[in-house]
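Take a look at the structure set out below.
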Amino acid sequence: MSSQQQSHIANLVNQLLDTVHQQQLQADQNNQVTLSQASTAQSDRQRLDQIIQGLTQIKNGLTNNNLTVATLQSYQSQAEQIEGQLRQQIRETDNQITQGLQQAVAALAQAQGAMLDSQTYTTLEQMIADLNTTLDRLLAP
């Protein structure tokens with residue numbers, strides 16, 4: 001095998017490796033976005049569980065018809081805590097809106113990237129075919 005043929009094969013393999021590494025990086029980025037979304041959803045769920053718990057305590061207390069000044073002050077304190085939690089949820093939701101809009105733009109870019117990925121895989125397939133053709137020629141008697 002000539003050095004030119006070896007160089008040609010090495011170039012094809014390097015191009016294949018570079019392209020596959022790029023695809024691997026894109027997959028890693030997609031995974032990171034998904035993990036971030038799951039983390040945000042979990043935080044939201046925990047905050048909402050706390051709000052439900054506080055409101056349920058007030059509701060249960062009201063059914064006991066034991067409305068003393070101390071009880072009403074306790075409910076007021078709980079209501080203020082819930083209000084703070086709701087303010088935090090509003091801030092988080094506003095952040096999610098911003099992130100959602102950013103992700104929408106990223107999704108459009110990702111769709112474009114997926115189209116390019118499809119072309120890349122077709123190119124990879126052709127490059128492998130070229131590599132096989134080159135190897136077949138070298139192995140032919």
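If one computes P(r) from the Cα atoms of the range 14-55, what percent of pairs lie at distances over 11 Å?
On the way: 595 of 861 pairs.
Tail of the P(r) past 11 Å holds 69 percent of the pairs.
Which order, highest average first, do 67-73, 123-129 follow once you tally other Cβ atoms within 10 Å for each residue and take the mean per peptide?
123-129, 67-73
Provide, as a two-decimal number, the C-alpha radius of gyration of the chain over 2.2 N^0.38 Å, N being how many residues it has.
Values: Rg = 29.9 Å, N = 141, 2.2 N^0.38 = 14.4 Å.
Here the Cα radius of gyration is 2.07 times the empirical estimate.
Angle between the Cα long axis of helix 69-139 and the longest principal axis of the chain, 0 to 90 degrees, nearest 10?
It is inclined by approximately 10 degrees.
So what's the gap between the Cα centers of the range 110-141 and the range 43-77, to the nearest angstrom?
Taking the Cα centre of the range 43-77 as reference, the centre of the range 110-141 is 65 Å away.
Sort the following peptides by mean Cβ neighbour count (other Cβ atoms within 10 Å, averaged over residues), highest first: 53-61, 133-141.
53-61, 133-141
Counting helices only, and only those DSSP H runs with n ≥ 4, report the 222 nm mean residue ellipticity of the chain as the sum of -39,500 (n - 2.57) divided by its residues, in deg cm²/dmol to the nearest 500.
Calculated from helices alone, the mean residue ellipticity at 222 nm is -35500 deg cm²/dmol.
Is the shape of the range 39-82 best called rounded, prolate or oblate, per the rule: a/c under 1.5 gives rounded, else a/b larger than b/c gives prolate, else oblate, with a ≥ b ≥ c the square roots of the Cα gyration tensor eigenvalues?
It comes out oblate by the Cα gyration axes.
We did not get these values from a lab; they are worked out from the coordinates using the rules stated. What you are looking at is a predicted structure, and each value in this text was computed from that prediction instead of being measured. Neighbour counts are summed over all protein chains in view; Cβ atoms, including those assigned to glycine, are modelled from backbone coordinates with ideal geometry.
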